[in-house]
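For reference, the structure discussed in these notes is given below.
Coordinate-derived values only; no laboratory data. Not measured: the values here are computed from a predicted model. All Cβ positions, glycine included, derive from the backbone under ideal geometry; neighbour counts span all protein chains shown.
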Amino acid sequence: MKIRHNEENSTSGLHNTMTAGTNVAGDITTDTDFRLDGHVTGDITCKGKIVVGPKASVTGNITADNAEIQGQIKGNLTITEKLVLKASAVIEGDITTRTLEIEPNARLNGTCVMGNHQATN
């Protein structure tokens, strides 16, 4: 698996990167920010910000503090703070988040629950 630690553009100073061409079948848990450009079949838990790149895909649930989605997700998203859906994002699942930002042309097929309550997925 191609996962690297980088010390740039994150609040904690570290983040993981899974590069394009990498496929993972299984769950991923990280205590730092995570950039995904590959494909994951399984759940992802990130105690920071997750960025799903434009050619990346996840078949499984994502739980994170913050998220920016550019690729495809088939599963539920539980985001504690802010979720950003970029124009290329395709979500097939339910969203629970405090704050949601959606660019034109992003697609969501599911329900969305927002507010200051604790996420419950």
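Tell me, in nm to one decimal, what length is gained between Ala87 and Asp31 on full extension, where the rule is 0.36 nm per residue of separation less the Cα-Cα distance?
Numbers: separation 56, 0.36 × 56 = 20.16 nm, distance 2.75 nm.
Extra length from Ala87 to Asp31 when fully extended: 17.4 nm.
Would you mind calculating the relative contact order of the chain from Cα pairs under 8 angstrom and at least 6 residues apart, reporting the percent as a whole number? Working shown, then result.
Details: 373 pairs, mean separation 17.1, N = 121.
Reported as a whole number, the value is 14 percent.
Cβ under 10 Å from Glu81's Cβ, Glu81 left aside: what net charge do those residues give with Lys, Arg +1 and Asp, Glu -1? Intermediate values should be presented prior to the final figure.
On the way: positive: Lys49, Lys82, Arg98; negative: Asp65.
Within the 10 Å Cβ shell, the charges total +2.
Taking log10 I(q)/I(0) by the Debye sum over Cα atoms at q = 0.11, 0.12, 0.16, 0.17 Å⁻¹ straight from the coordinates, which label in (1) -0.67, -0.72, -0.92, -0.97; (2) -0.45, -0.54, -0.88, -0.96; (3) -0.31, -0.37, -0.67, -0.77 is the correct one?
(3)
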